[in-house]
Amino acid sequence: MRPPIDRLRVHYFLVKLGIDFYYPARLYLVGGTTLVYEGLRQQSLDIDISYEVADEHEAEFARVIRRLKDEMQINIELASPGDFIPLPSGWKERAKFVGRFGQVDVFHFDLYSTALSKIERGREGDYEDVLAMLRTEQINFDELSRAFQNILPRLERESLKRDPEKFKRNFAALQARHTAL
């Protein structure tokens with residue numbers, strides 16, 4: 001079992017990636033990794049990422065990630081809210097810039113997309129993560145509600161894996177908890 005990931009380990013991973021990968025890339029920190037990096041949670045089990053890199057550098061990027069994974073004894077997972085829900089309009093523009101590490105521009109994946117994917121999953125820890133984002137004003141509830149309304153019709157049309165009624169119930173449950181704060 002590998003040790004949990006804290007903010008320092010995420011930052012060190014980004015520094016090492018910037019040193020070891022020599023080409024332009026766009027890396028997104030996703031989910032719990034963002035929460036750890038922003039100090040909303042102390043640790044995570046892995047570093048969740050999504051990325052964009054030119055096709056001709058994809059193999060090299062994967063090689064560097066695999067090497068860092070072993071060298072640093074960390075779990076790195078490819079994950080995106082888009083793996084679970086349709087992404088709301090404007091998600092890319094809402095990605096929050098973290099910094100440039102070598103040639104790698106690092107962003108937090110759109111926090112509204114992250115929150116919606118956590119709400120859709122509906123675990124207790126997911127609700128706590130979203131409430132932490134709301135409490136610290138990383139996101140606001142009105143905008144979250146608009147993003148929810150934006151993706152709901154697409155979820156109903158495009159996804160056989162996701163239950164729109166369950167998603168609506170989960171959103172209502174989060175709203176009730178947020179209102180009670």
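Structure notes:
- Residues being closer than 18 Å to Leu78 by Cα, of a type in the set (A, V, I, L, M) and touching a residue at least 60 places away in the same chain (Cβ under 8 Å) - total across the range 3-59: 8
- Within this structure, Glu137 passes the test of being farther than 17 Å from Ile47 by Cβ, among the acidic types (Asp, Glu) and not assigned by TED's automatic domain parsing to the domain that holds Ser44.
- So Val64, is it out of contact with any strand residue (DSSP E or B) (no Cβ under 8 Å at 6 or more places or on another chain), of a type in the set (Val, Ile, Thr), assigned to a helix (DSSP H, G or I) and outside the structural domain of Tyr127 (by TED's automatic domain parsing): yes
- Some residue of the range 110-122 being modelled with pLDDT under 95, more than 23 Å from Tyr28 (Cβ to Cβ) and not in a loop (DSSP other than H, G, I, E, B): no
- Residue match in the range 68-80 (condition: in a helix (DSSP H, G or I) and within 16 Å of the chain's Cα centre (by Cα)): no
- Reported count of residues in the range 1-29, each being within 23 Å of Leu131 (Cα to Cα) and touching a Leu at 6+ places or on another chain (Cβ under 9 Å), is 4.
The values are calculated or read from the model by the stated rules, or taken from the named source; none is laboratory data. What you are looking at is a predicted structure, and each value in this text was computed from that prediction instead of being measured. Note: ideal-geometry Cβ built from the backbone for every residue, glycine included; neighbour counts use all protein chains shown.
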